[in-house]
Amino acid sequence: MQKLVIASNNPGKLREFQHMLNPLGIEVLTQAQLGISEAEEPHVTFIENALAKARHVSRLSGQPSLADDSGICVAALGGAPGVFSARYAGEPKSDQRNNEKLLGDMQGVADRRAHYYCVLVMVRHADDPQPIIAEGEWHGEIALEQRGDGGFGYDPLFWLPELGKMSAELTRDEKHEISHRGKAMRVLLQRLSAE
């Protein structure tokens, strides 16, 4: 496979995918470069949304497609924001407003446990009966305030006790090594290399 269309318009995710896939000689195209609109994400699970996005982009591009559905799941909130992570504070999407809403929802809550979850779904063609599915989790806590200017999404709130840092304070390489998306990508690449 030489080309792969990423089913996302999220600039942070696109940078991460390019960083991981370009060294393998895979040309990463985005759905926006091909004029493809975002797919609907009506499902309550990450995997169903990722599969819908991958099939949508592959159908319209005629190319293999990779979709990511990911988010942050907070134990004290019953797993929320979950699949609604990108739109937690409503439309238009805003990382800053999402972080502020999460801080507000966690005010006075002692249990700060949270994890990022990522599922990657790659289809070779739109009707691929055996999509490649890879998952990854990254455990931490929701901090009491934002810190750091790296990453995106909830990274300024995602505290890593074992490192004594926020996700937003990690270098890009440090983050790829331990993040949910980095873990899922390594699983995906292992599966691709076995084909």
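The values are calculated or read from the model by the stated rules, or taken from the named source; none is laboratory data. It should be emphasised that the depicted structure is a prediction, and the values quoted were computed from it without experimental measurement. Using ideal geometry, Cβ is built from the backbone for each residue, glycine included, and neighbour counts are taken over all protein chains shown.
Some notes on this structure:
- Residue that is nearest to Tyr117 (Cα to Cα), among those in the range 88-99 that are assigned to a helix (DSSP H, G or I) and among the charged types (D, E, K, R): Asp95
- In this structure, Lys93 does satisfy being at pLDDT below 95, closer than 27 Å to Glu38 by Cα and under 18 Å from the mean Cα position of the chain (by Cα).
- Whichever residue in the range 1-14 is under 19 Å from Leu189 (Cα atoms) and modelled with pLDDT under 80 and, among such residues, is surrounded by the most Cβ atoms within 10 Å (Cβ to Cβ): Lys13
- Looking only at the range 65-80, and only at residues there that are surrounded by 21 or more Cβ atoms within 10 Å (Cβ to Cβ) and not hydrophobic (A, V, I, L, M, F, W, C), the one that is farthest from Ala184 (Cα to Cα): Ser65
- Of everything in the range 142-155 that is without any contact (Cβ under 8 Å) to a residue 60 or more places away in the chain and under 24 Å from Arg186 (Cα atoms), the residue that is surrounded by the most Cβ atoms within 10 Å (Cβ to Cβ) is Asp155.
- Qualifying position, being buried (at least 22 other Cβ atoms within 10 Å of the Cβ) and among the small types (Gly, Ala, Ser), among Ala110, Ala114, Ala126, Ala89: Ala114
- The range 137-195, subset within 17 Å of Leu102 (Cα to Cα) and in a helix (DSSP H, G or I), residue nearest to the chain's Cα centre (by Cα): Asp155
- Subset of the range 56-69 (residues that are charged (D, E, K, R) and under 17 Å from the mean Cα position of the chain (by Cα)): Asp68, Asp69
- In this structure, Arg181 does satisfy being touching a residue at least 40 places away in the same chain (Cβ under 8 Å), in contact with a Cys (Cβ under 6 Å, 6 or more places away or on another chain), among the charged types (D, E, K, R) and under 26 Å from Ala54 (Cβ atoms).
- Candidates Ser85, Ser70 - the one that is assigned to a strand (DSSP E or B), under 18 Å from Ile142 (Cβ atoms) and not aliphatic (A, V, I, L, M): Ser70
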